[in-house]
Structure formats: C-alpha cells, structure tokens
Amino acid sequence: ICCLLLSAYACSAQQYLNLADHDNKPYYFGITLSYNQAYYKLSHDPRFLQGDSVLVVEPPKSAGFNLGLLGNLLLTKQFDLRFNPSLVFAEKNLSYRMKQDSTDQVKNIESVLLSFPLQVKFKSDRIGNFRLYTMAGIKADYDLATNSHDRLADDIVKLSKFDWGYEAGVGFEFYFPNFIFSPEIKISNGVGNIHVMEQHKVYSNIIQELKSRMVVISIHLEG
C-alpha cells in the first residue's frame with residue numbers, strides 16, 4: 001500500500017524533478033531501519049533417528065529489527081556499489097518435543113549481530129521521481145551475543161560467532177525535494193554451519209547443521 005501511494009505521488013510529481021543532480025554524485029550516504037524475520041535451516045544428525053529423547057525439533061520464525069548505515073558508490077549509470085553495515089537484533093529459536101511426555105520446549109537463541117553486507121545494485125532508468133532497482137551481494141556477520149563460551153548448562157545449543165552468506169532483493173526509490181525514500185525487501189541467507197556440536201548434550205547432538213535464514217524489510221533514507 002505504501003509503495004502504491006508513493007508511486008502515485010511520484011507520477012503526480014513528474015513535472016518537477018526532485019534532486020535532479022543526485023544521479024551524478026560519485027557517492028552518498030544514508031541510514032537504514034529494518035524489520036526482520038529470522039529462523040534456521042536445520043539438518044538432523046543420524047543420532048536423531050537413533051535416540052529416544054527427542055521426538056521433533058523445529059526452527060520457528062521470530063521477529064526482530066535492524067539499525068544501519070548506508071554508503072553508496074557510483075560505478076556506472078546503471079550500477080552502484082553499496083555498503084550497508086548494520087546492527088541486527090534477532091531471535092532464532094528451536095522448538096523441541098520430548099518423547100517421554102510429548103511436551104514442547106522452546107530454546108531461545110538471541111543474537112545481536114554486526115552485519116557487513118557488500119552489494120551490487122542494478123538501477124532502472126529514472127522515471128520522474130521514481131526508480132526501481134535490484135541488488136545482490138555477500139555478507140559477513142559477527143554475533144556479539146553468542147553462547148559459544150557457555151559451559152555449564154546442558155540444554156544450550158551453542159553457536160559460532162562468525163557467519164557469512166549472500167543477499168538478494170528488490171527495492172524502489174522515491175525522490176523527494178531533500179532526500180530519497182527507498183523501501184526494500186531482501187533475503188539474507190547464511191552459507192556456513194554455525195552449530196557447535198556437543199556430542200554429550202541431547203539438545204545439540206541431534207542437530208548436524210544450522211544455517212541462518214532471514215527476510216528483511218527495510219526503509220533507506222538517503223541524501
């Protein structure tokens with residue numbers, strides 16, 4: 001709905017071109033506010049079928065938010081290089097159903113990530129005060145709230161501090177007199193296995209791999 005309303009604004013404002021010289025800037029900066037929905041892609045270990053403790057383990061989706069900065073470097077008329085370092089607050093949980101009593105247990109795994117995405121942005125031609133773009137790139141994440149050093153609790157699923165992966169998405173640019181408003185949606189998927197296996201712990205040894213998955217809806221305010 002927001003995009004439709006802004007598209008109507010852009011069409012009605014085509015007679016006056018906002019920020020007419022902006023496309024010639026070699027670089028510019030901005031800020032990012034985002035909503036994320038995070039979860040894991042889970043692969044079971046052979047112990048899951050052999051064990052007698054856990055009936056089901058599932059990764060439910062949880063909501064979070066991102067705060068970030070944006071730096072954009074002009075490469076050509078159609079391509080930009082974009083750096084979007086962000087602080088990501090996410091909660092990626094694991095839900096267990098135990099065999100002995102069929103009760104559900106949810107293990108909350110909170111993450112505070114420093115995320116460093118580097119993206120290539122492909123832009124359409126500008127139509128008045130409106131433009132469409134797609135982007136793709138790579139990212140590196142560092143988890144400030146990882147539990148990889150916890151040693152005492154038997155019910156902890158430990159995660160690695162570091163992760164890396166890829167991102168892809170689509171967005172819109174609406175040119176206002178003093179700034180650019182850019183709603184965007186992207187997928188942000190980890191490639192590495194962030195699970196730290198502990199063979200003597202029943203909540204950990206049934207999991208072979210955990211890979212991060214995230215859908216991010218962002219608003220970029222660019223100058």
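Of note:
- Any hit, region 2-24, residues being under 26 Å from the mean Cα position of the chain (by Cα) and either within 26 Å of S115 (Cα to Cα) or at pLDDT 95 or above (or both): no
For (1) small (G, A, S); (2) closer than 21 Å to E91 by Cβ; (3) touching a helix residue (DSSP H, G or I) at 6+ places or on another chain (Cβ under 9 Å); (4) open to solvent by 50 Å² or more (accessible area, probe 1.4 Å), each residue gets a yes or a no:
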| position | (1), (2), (3), (4) |
| --- | --- |
| V157 | no, yes, no, no |
| N178 | no, no, no, yes |
| P183 | no, no, yes, no |
| G192 | yes, yes, no, no |
| Y203 | no, yes, no, no |
| L221 | no, no, no, yes |
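- Annotation note: of E173, E167, the sole residue that is at pLDDT 95 or above, assigned to a strand (DSSP E or B) and out of contact with any Gly (no Cβ under 6 Å at 6 or more places or on another chain) is E173.
- Those residues of region 188-210 which are in a strand (DSSP E or B) and under 19 Å from A136 (Cα atoms), in sequence order: S188, N189, G190
- In this structure, L87 does not satisfy being over 16 Å from the mean Cα position of the chain (by Cα) and open to solvent by less than 60 Å² (accessible area, probe 1.4 Å).
- Count of residues meeting criterion [under 22 Å from S95 (Cβ atoms) and touching a residue at least 60 places away in the same chain (Cβ under 8 Å)] in region 105-119: 2
- The number of residues in region 169-213 being farther than 25 Å from M98 by Cα, among the hydrophobic types (A, V, I, L, M, F, W, C) and touching a residue at least 40 places away in the same chain (Cβ under 8 Å) comes to 6.
- Residue check, Y166 open to solvent by less than 10 Å² (accessible area, probe 1.4 Å) and either in contact (Cβ under 8 Å) with a residue 24 or more places away in the chain or closer than 30 Å to G51 by Cβ (or both): no
- Any hit, region 112-120, residues being farther than 21 Å from Y142 by Cα and under 17 Å from the mean Cα position of the chain (by Cα): yes
The values are calculated or read from the model by the stated rules, or taken from the named source; none is laboratory data. Quantities reported herein were computed from a predicted structural model and do not represent experimental measurements. Neighbour counts are summed over all protein chains in view; Cβ atoms, including those assigned to glycine, are modelled from backbone coordinates with ideal geometry. Please note that ligands, DNA and RNA were not included when accessible areas were found on the heavy atoms of the full protein model with its side chains. Shrake-Rupley method; radii C 1.70, N 1.55, O 1.52, S 1.80 Å.
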